[in-house]
């Protein structure tokens, strides 16, 4: 290996190390634990004031929007028989409706309320898995007259 | 039509299988007529898949809700354009779209190369049709687009209103044209490995394909960002969501390949590396398709959990095992013929570009998959979000930006100091000058100074290249400057097309820097007549109206934007409620100029007409979309056939 080639290898290693360092420290400083509601409930003390991401379902009828500014919002998420109240300041995604799968990120306060800084939601019927088409049946069933051509 | 479409899919499955068998038999027995039959097999399979797509479109356009897919994704009063775009609004249809694009590409590749590359083509047919077979099998056995319901609903559920947006109507086809397009380079790579024809002929065969796929992928990704910007209402366009990452990863690796392949063409170096890049790009495309359909990572816009995950995982494992096995087998034949000579050379600058792009892709992959990895390793799910991706990728992209300027100008083999001075004095002055101006005006932090400064540097290199080339040509041939400029570009399309692409990338970098570093936001709850300030604008809330438009309940607020004391324009943010859907949709109001976008969301209101707004001032966002147009223009220049070189295939870069 010539001296020039060595230079390239060293330069490459320096860049790769710097980037590797970036990834490792970036990971350490930004990681967030991801739990479900029941997992959080069972270890509430240990998890309070730690950045968390929690997954659960929005309990029907719990979504409240502040009358004074329309931006302070609260709702309750549940999973495995446990519930956690969530507060959030900002606009929640359109998909945050009763029964939606929600993922919230933030911190659990000492009062047991989760203060979210980020809310993500997937509407239960957004895509087709487990679609319930029966409401169209209730709306009126057309007799099966149509034959496929 | 249901029967026709379904039978066409079954028949396509059979002909794809036939094609694979005949192609392999043709190779083994060395019978060209069998290979010719395989080529016809590709055409017939494509025709059948087209029939299937046509049937589904017909069913959609004619509201045949007995078909589950139609009932779930279409509605009687849905505009025709969205009845058509519903083809890719759901799982089964999107798989069908994947298949039809693959078939289109395969047929085109078969036809273009019908008299070329006789050793490679049977393998190309095999790889393409194996992929098609997999996707058709998914539809026949797991996600059937022609599945019927036991009853006929009177109306369908309709396409998700979030997807009823012009950008969303064309974003997925572009993304798929990109994703699927990388199948052809992959097929040629496998063909080269399997047949042992490892000279540069396969590289020349896929050169244009790679640029075409990259072009569509770039458009697809950016349109996806634009859709998120217009439709999701959080003021941004890129959230490092797993689905977005899934499209970015193959783009990063394909970009790396587009650069490193020039070194192989010119110096027969990096041959194993390039092979791996082509394989990795395709594998990441399949991985991306898998990621969006398996539900293994939570995402805002993934298709819901389905039973397709394991099938994709198996297919991906087979792809990786076969292709890496072939590379290992051919390793002795893939030795480089030259060695790197200096750190200061174009070869090494391209090498660094590759290193940086691959690391970036790895970081994105690592961050995206970390919840899965950490859960597998120590049982705890740990996620990383935008802070991680930004922190890692911002320095990486700054480095890339610098290399974008340096790479094309630095000499091959070994750069001398005088040549470096000649190449970089003016661009460096442009870059430093920009930084000084920004410092004097006191705008920006370290990253934005570097980003804008480097952007000026790159633009400087490109302008200088065009300037010098044009001047030399016009003084040598006596042409006018615009003739010379055109002649210069057309004579070496890949080089000058590449420069134009670089300018597009720089414009996008400027737009991304401006909108992420200098974004401002304000929230306000206003009564009619009250105002709120953002940047140099004063927004006055006028009134709130409720009305119905073609079955959609609309709540619409109206605001006037004042600048310098005078009314300038009106903004009308809305909320829509589609009765057939469960959730309302936010329709943001955006006023866009070259300087900045004013972006307003209607957050809520009460009976007294008091309404709450969230407003963002996003500087320079428009330059991202302009950058895309420039990038697309450059790609078109680069993919234009070279009249003199098209047959010989000698790279003139």
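Only the coordinates and a few stated rules stand behind these numbers; no lab work does. Remember, it's a predicted structure, so these values are computed and weren't measured experimentally. Backbone-built Cβ (ideal geometry, glycine too); neighbour counts: all protein chains shown.
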Simple spin-label estimate for residue B:320 and residue B:595 in nanometres, 7 Å along Cα-Cβ: 5.1
Fraction of antiparallel bridges per DSSP, the protein assembly as shown only, in percent to nearest 5: 90
Packing-based exposure ordering (other Cβ within 10 Å, fewest first) of B:208, B:422, B:566: B:566, B:422, B:208
At R0 = 60 Å, FRET efficiency that the Cβ-Cβ distance of residue A:49 and residue B:548 yields, to 0.05: 0.80
Relative packing of peptides B:551-564, B:475-488, B:454-467, B:606-619 - highest average C-beta neighbours within 10 Å first: B:454-467, B:606-619, B:551-564, B:475-488
Percentage relative contact order, chain B, counting C-alpha pairs under 8 Å, at least six apart: 10
Extension gain from residue B:36 to residue B:491, taking 0.36 nm per residue of separation minus the Cα-Cα distance: 160.2 nm
Spin-label zone in region B:140-178 - amide nitrogen under 18 Å from a point set 7 Å from the Cα of residue B:58 along the C-beta vector: B:145-148
Calculated on alpha-carbon atoms, Rg and Dmax of chain B in Å: 26.7, 84
Projected label distance in nm at residue B:446 and residue B:527, using a 7 Å step from Cα toward the beta-carbon: 4.9
Which of B:542, B:264, B:530, A:45 has the fewest Cβ neighbours within 10 Å, and the rest in rising order: A:45, B:530, B:542, B:264
Region B:330-466: relative contact order in percent, alpha carbon pairs under 8 Å with at least 6 residues between: 27
Descending Cα extents along the principal axes, the protein assembly as shown, whole Å: 75, 73, 59
Footprinting exposure proxy for B:249, B:1 (fewest neighbouring C-beta atoms within 10 Å first): B:1, B:249
Cα point-scatterer Debye curve for region B:493-570, base-10 log of I(q)/I(0) at q = 0.11, 0.21 Å⁻¹: -0.56, -0.96
Over chain B: helical MRE at 222 nm, DSSP H runs n ≥ 4 each giving -39500 (n - 2.57), nearest 500: -22000 deg cm²/dmol
Projected label distance in nm at residue B:413 and residue B:201, using a 7 Å step from Cα toward the beta-carbon: 3.0
Partner chain coverage, peptide A:91-101 - average Cβ within 10 angstrom: 5
Per-pair calculated FRET efficiency, R0 = 45 Å: residue A:117 and residue B:563 via Cβ, rounded to 0.05: 0.90
Förster radius 30 Å - calculated FRET efficiency between residue A:72 and residue A:42, Cβ distance, rounded to 0.05: 0.55
